[in-house]
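*Asks:* Mind having a look at this structure? Questions to follow.
Just so it is clear, none of the values below were taken in a lab; they were calculated from the coordinates. Predicted model, so just to flag it, every value in this text is computed and none were measured. Using ideal geometry, Cβ is built from the backbone for each residue, glycine included, and neighbour counts are taken over all protein chains shown.
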């Protein structure tokens, strides 16, 4: 097997369960296996290309690998650095220490191939913006990346350059933090971008996107039919300068575009955008 791993040009990681995939690459005492060390060395020396789908993308995260839960679960129950409950519990309403929909993560991360932040998948299709915002902000992660279905984020680690190909896009959250308002209620905040196919950007030393180039030609997309409600909120925020939306469990999400220039594409019914500030707070506190 080691000879095979030394000779291959590419490695593709399957979907399924990122916790199980990670376990397969670790020793019984949770240390990197010889196979994982070999692959990481080859990646560092630019001798292999690594890809993955679904869980195979999420498991590449270097720190704070997401392992389960939903946005509503994060709002209702919180975020836990613990082993996730069985996926069957969400269906069968199991009683356990952690509710089935609460967001769980592994602070030590996954395989460590992706050094720029948390990776998430099935993103727009499953409305995972709140989940990734809360997890990224609460764990002091520099960035979070949410990849839509039938879409790929291409990463050149040596040049710290990212680009997008495929049918839809990649959602990026950066500059995340948790602060307290005057009523001592927490506010999760970050700056979001949505890069569709043909868009690209660099990542600077502060772990922020720079030199963002949105795709010049947007694919003709019926926003209402293709994208869930979050993208409609972005369009409203771009049109009105601000949008506020009530969330589960008495939370409010406020979307603030940095400038109307950044919103021009989405106002033309193209989904790409950049620099939308998100603030998630409990109702009754002040921004």
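*Asks:* Compute the long axis of helix 229-240 from its Cα atoms, compare it with the longest principal axis of the Cα atoms of the chain, and write down the angle in degrees, 0 to 90, nearest 10.
*Replies:* Between helix and principal axis, roughly 40 degrees.
*Asks:* Let me have the relative contact order for the chain, percent, based on Cα pairs under 8 Å that are six or more residues apart. Write down the numbers at each step before the final one.
*Replies:* Details: 642 pairs, mean separation 36.8, N = 287.
Relative contact order of the chain: 13 percent.
*Asks:* Follow-up. When the Kirkwood radius is taken over all Cα pairs of segment 99-216, what Stokes-Einstein diffusion coefficient follows at 25 °C and 0.890 mPa s, in µm²/s? If you can, show how the numbers build up before the last one.
*Replies:* Details: Rh = 14.9 Å.
D = 165 µm²/s.
*Asks:* Quick check: pseudo-label points 7 Å beyond the Cα along Cα→Cβ at residue 49 and residue 167, how many nm apart are they?
*Replies:* Inter-label distance under the simple model: 2.2 nm.
*Asks:* From the convex hull of the Cα coordinates of the chain, what is the mean projected area in square nanometres? Walk me through the intermediate numbers first.
*Replies:* Details: hull surface 63.9 nm².
So the Cα hull casts an average projection of 16.0 nm².
*Asks:* Cβ neighbours within 10 Å, averaged per peptide: list 113-121, 23-31, 268-276 in order, most packed at the top. Display every interim value, and only then the final one.
*Replies:* On the way: 113-121: 23.4, 23-31: 10.9, 268-276: 19.9.
The packing order, highest mean first, is 113-121, 268-276, 23-31.
*Asks:* Could you give the length gained by full extension between residue 242 and residue 24, i.e. 0.36 nm per residue of separation minus their alpha carbon distance, to one decimal place?
*Replies:* Values: separation 218, 0.36 × 218 = 78.48 nm, distance 4.60 nm.
Full extension of this stretch gives 73.9 nm more.
*Asks:* Can I ask one more? Using square roots of five times the C-alpha gyration tensor eigenvalues, list the equivalent-ellipsoid semi-axes of segment 20-179 in whole Å, biggest first. If you can, show how the numbers build up before the last one.
*Replies:* Values: eigenvalues 128, 78, 42 Å².
The equivalent ellipsoid of segment 20-179 has semi-axes of 25, 20, 14 Å.
*Asks:* May I ask what percent, to the nearest 5, of DSSP beta bridges between residues of the chain are antiparallel? Before the final figure, lay out the partial values.
*Replies:* Details: 50 of 62 bridges.
Antiparallel bridges: around 80 percent, rounded to the nearest 5.
*Asks:* In degrees from 0 to 90, rounded to the nearest 10, what is the angle of the helix 34-44 Cα long axis to the longest principal axis of the chain?
*Replies:* 60
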